[in-house]
Amino acid sequence: MFSYIVKRLLVAIPTLLIISVFVFSLQKLLPGDPVLAMAGEERDPQLIEYLREKYRLNDPVPIQYIHWLGSAVQGDLGMSLRTNQPVLTLVAQKLPVTVQLAIMSMLFAFAIGIPMGILAAVKKNTALDYVANVVALSGLSIPNFWLGIMLILLVSVHLGWLPASGYRPFFEDPLNSIKTMLMPAFVLGNALAATLMRHTRSAMVSVLSADYIRTARAKGLAERSVVLEHSFRNAVLPIVTLSALLFGELLAGAVLTEQIFTIPGFGKLIVDAVFTRDYAVVQGVVLCTAVGFILMNLVADVLYVVLNPRMRASL
Amino acid sequence: MKIAKLLPALVSTVLLAFPAYAAELKIGLQDDADVLDPAQSQTFVGRIVYTALCDKLVDISPDLKIVPQLATEWNWSDDGKELTMKLREGVKFHDGTPFNAEAVVYDIERSMTLPESRRKSELKSVEKVEAVSEYEVKFTLNNPDVTLLASLSDRAGMMVSPTAAKEMGANFGNKPVCSGPFKFVERVQQSRIVLEKFEDYWNKDNIFIDKVTYLPIPDTTVRLANLRAGDLDMIERLAASDAESVKSDPNLSYESVVGTGWLGIYFNVGDDPKADNPLGKDKRVRQAFSLAIDREAANQIVYEGTSMAGNQPFSPKSPWYDSNFPVPARDIEKAKALLKEAGHDRVPVEMLVTNNPVAMQFMQIVQSMVAEAGFDVSLKTTEFTTLLDEMSAGTYQVGRADWSGRSDPDGNIHQFLTCKAALNDSKYCNPEVDKLLNEGRQSPDNAVRKQKYDEAMAILQDDVPMTFIGHQAWIWALNKKVSGFVPTPDGMIRLVGVKKAD
């Protein structure tokens, strides 16, 4: 098992390298000059030249990349052009926020998506199944920004139950931190729940029609035990894969949702960075997101083995 | 005594023990500030934070006069090349370092020499600065430059603690130490900047707020929703489209003032191949374009009556406005005649505009207005950084960009319209205009300055390297509990005298 994990991590290295080359070159293709954006309303030519030198923007792009890579492998992701802070510090500030939002969103997604999926499968082709489908479909189709603004208007402005913004770090003020995250996590989770519900339903439907389920029913097992213990455990594998992928996506940040609820996560960081051509920040955030995504995939694969004893032999 | 009776008694005892209610003010900003070092910072919202954090040598009053802040009085020498300032005594920086002439010398020199400094062009006329005595400082200039005072009323004149600046160098912005009414507590990028009342502030009797939190919330609808929900006490740059709903809300108050900035259309008149088009080559075509715009209507529609139509870099309300050139009424016939005279029937134009909804709406209106005179405008929308790049490189035909405005007239015209100036994106160059605008900087006599600007205006209204279309208002929405806020045309939020009822 251990050697499997190590092997998988080693394979991740070339993937990360390719991603970093790709992102670096794409950024350089963007029109617009980061130094001009930095210089703002007072464009002093001397200063512009100084900044170009300081951030090595005069070097050819491959040299810039090699330089970046050299520092990155030593753990230095460079400095933000805009705020003069190390990229690593910025990432360290945002990562816990994004992880918290991702976890809370996934909890919402699980809480809504899985029971609905199971119910829809068990009551296949009944009114309940259709209702679940319509709910799921609307969850997918409602744009996040619209739902977010509506929630703020309803829950914060009219009812005054939850704050509309003002994120607090979890370890400083856990209660308020969770309170400010409830609405954004619901908005994100609601959209994911739909996908999760559809997958749970189809996995459950196929398991429920298997021979051993008929046997279980024939043995006279309670329906509850048939559904939750015998069927769901077997249907869970595709759900694990999907959840890991969804979680990986959440780690990339949710731009609109973060913007609306002013959650200082990755999404906002990277969008601001792209608009101001803050190359080092874009590069650093993409790299961290990619690492997160790869790790999530690995976790899913390891969970497979844990959940499914038959797969242990193949390692 | 029953618990039910005891509890309120206890609570009221506790409340009486703390008579000073800790007033916290939460302000919603449109963007996040950049680095919090007055020598390096660039953003408008950064300046808003500084009004609470860093005192300046001089300040601006609501009618745009220079008023004392850390300097109590000042004098120009007769040749306009020496500025002597008397400093306020007994002022301390947030770290306890005393404020004196030596600190001023250090700070001005820091802004002039720090490689990362963005203040160099503002202090270009300063040759040296010396301490005359403990509380008197003298600026010696290489050229007479009355605009220096306006620079000293902004970031170039913000005084930071020399102790902290020496220790932190270019990283000063991570933990800024100044001498303003509030001191720095913490900052989380894109989330909040927190300041608290500085107990040793020289004017502390007029500070009624204990803690200020600035929250960047870029979406105007969301910013307003936060204000309505009570999560914010005040927001800046309310969308003009929300003005009516705020005015009719009994819990909110509305404040606005026309700013010193302008909305401008730049014509590329330079040497780039892109400038080789009828608009770039013939002033009659540019005049026709300008005449075809109904400035009043466009401003009314886009800014819902909050902005002011204009045709000069100074608003019609400004004392620097040249009344010989009032905002022109739309004149399609004259525009057509000018085009015909220049030998054109229809003129194709490619116009750059940023992809924000308000700027686009404005330009779509302009597009349809000038179409009637014979201009076929295609709008090219890009995000701001790309627009900046193309305009400063001069690789565009016509571009739309705005200026946030400065209190001194020079700051709204000189750097845009003198040859090779940093922000001269029209690539306009006219030695006569250069001469007049340079002279406008030199006389301490406003009547003389006005005359120079008027003479320059006459040339510019004929050459039309840029056409000015209006002046945006700064709009704030506040919770009714907040009182004492005075809007200033520079768009800043000054907290001296601001109170919040509990």
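The values are calculated or read from the model by the stated rules, or taken from the named source; none is laboratory data. None of the values given here were measured: they were computed from a predicted structure. Cβ: placed from backbone, ideal geometry, glycine included. Neighbour counts: every protein chain shown.
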message: without any contact (Cβ under 8 Å) to a residue 60 or more places away in the chain, under 14 Å from residue B:265 (Cα atoms) and surrounded by fewer than 21 Cβ atoms within 10 Å (Cβ to Cβ): which single residue out of B:333, B:350 fits that description?
response: B:350
field: Residue list for the range B:218-233, restricted to those being more than 7 Å from chain A (Cβ to nearest Cβ) and assigned to a helix (DSSP H, G or I)
entry: B:220, B:223, B:224, B:227
task: Those residues that are outside any loop (DSSP other than H, G, I, E, B) and either within 17 Å of residue B:153 (Cα to Cα) or touching a helix residue (DSSP H, G or I) at 6+ places or on another chain (Cβ under 9 Å) (or both), I need them from the range B:83-100; list them, please.
output: B:83, B:84, B:85, B:86, B:87
task: Just give me the residues in the range B:365-377 being aliphatic (A, V, I, L, M) and under 19 Å from residue B:468 (Cβ atoms), in sequence order.
output: B:365, B:366, B:369, B:370, B:373, B:377
- request: Scan the helices (runs of 4 or more DSSP H) fully inside the range B:256-364 and keep the ones with 3 or more residues being farther than 16 Å from residue B:466 by Cα.
  value: B:295-303, B:332-341
Answer from A:37, A:92 - the residue that is modelled with pLDDT of 85 or more, out of contact with any Gly (no Cβ under 7 Å at 6 or more places or on another chain) and small (Gly, Ala, Ser): A:92
Which listed residue, of B:261, B:180, is buried (at least 20 other Cβ atoms within 10 Å of the Cβ) and closer than 30 Å to residue B:424 by Cα: B:261
query: Right, residue B:367: farther than 30 Å from residue A:28 by Cα, surrounded by fewer than 20 Cβ atoms within 10 Å (Cβ to Cβ) and modelled with pLDDT of 95 or more or not?
result: yes
- line: Considering residues that are in contact with a helix residue (DSSP H, G or I) (Cβ under 8 Å, 6 or more places away or on another chain) and part of a helix (DSSP H, G or I), the number found within the range B:47-82 is 2
message: Suppose the filter is exposed (fewer than 14 other Cβ atoms within 10 Å of the Cβ) and within 14 Å of chain B (Cβ to nearest Cβ); does residue A:181 pass it?
response: no
message: Of all residues being loosely packed, with under 15 Cβ neighbours inside 10 Å and within 14 Å of another protein chain (Cβ to nearest Cβ) in the range A:1-53, which is farthest from residue B:120 (Cα to Cα)? Just the residue, please.
response: A:29
Counted residues, the range A:55-91 - those being closer than 29 Å to residue A:189 by Cβ and away from chain B (no Cβ under 11 Å): 0
message: I'd like the full set of residues that are of a type outside the set (Gly, Ala, Ser), in contact with a strand residue (DSSP E or B) (Cβ under 6 Å, 6 or more places away or on another chain) and either at positive phi or crowded, with 22+ Cβ neighbours inside 10 Å (or both), limited to the range B:312-330.
response: B:312, B:313
task: Name the single residue, out of those in the range A:70-81 being more than 25 Å from the chain's Cα centre (by Cα) and of a type outside the set (Gly, Ala, Ser), that is surrounded by the fewest Cβ atoms within 10 Å (Cβ to Cβ).
output: A:74
task: Take the range A:54-72 and flag every residue that is part of a helix (DSSP H, G or I) and modelled with pLDDT under 85.
output: A:54
task: Report yes if some residue within the range B:422-430 is crowded, with 21+ Cβ neighbours inside 10 Å and within 11 Å of chain A (Cβ to nearest Cβ); otherwise report no.
output: yes
The range B:18-75, subset among the hydroxyl-bearing types (Ser, Thr, Tyr) and without any contact (Cβ under 8 Å) to a residue 40 or more places away in the chain, residue farthest from the other protein chains (Cβ to nearest Cβ): B:72
message: Out of B:437, B:478, I need the residue that is aliphatic (A, V, I, L, M) and not assigned by TED's automatic domain parsing to the domain that holds residue B:404. Which one?
response: B:478
message: Restricting to the range A:144-154, name every residue that is more than 9 Å from every other protein chain (Cβ to nearest Cβ) and touching a residue at least 12 places away in the same chain (Cβ under 8 Å).
response: A:144, A:147, A:151
message: Just checking: which of the strands (runs of 3 or more DSSP E) contained wholly in the range B:104-217 hold 3 or more residues that are more than 14 Å from every other protein chain (Cβ to nearest Cβ)?
response: B:126-133, B:136-141, B:182-188, B:192-197
message: I'd like the full set of residues that are within 13 Å of chain A (Cβ to nearest Cβ), free of Cβ contacts under 8 Å to residues at least 60 places away in the same chain and either in a helix (DSSP H, G or I) or crowded, with 18+ Cβ neighbours inside 10 Å (or both), limited to the range B:234-255.
response: B:245
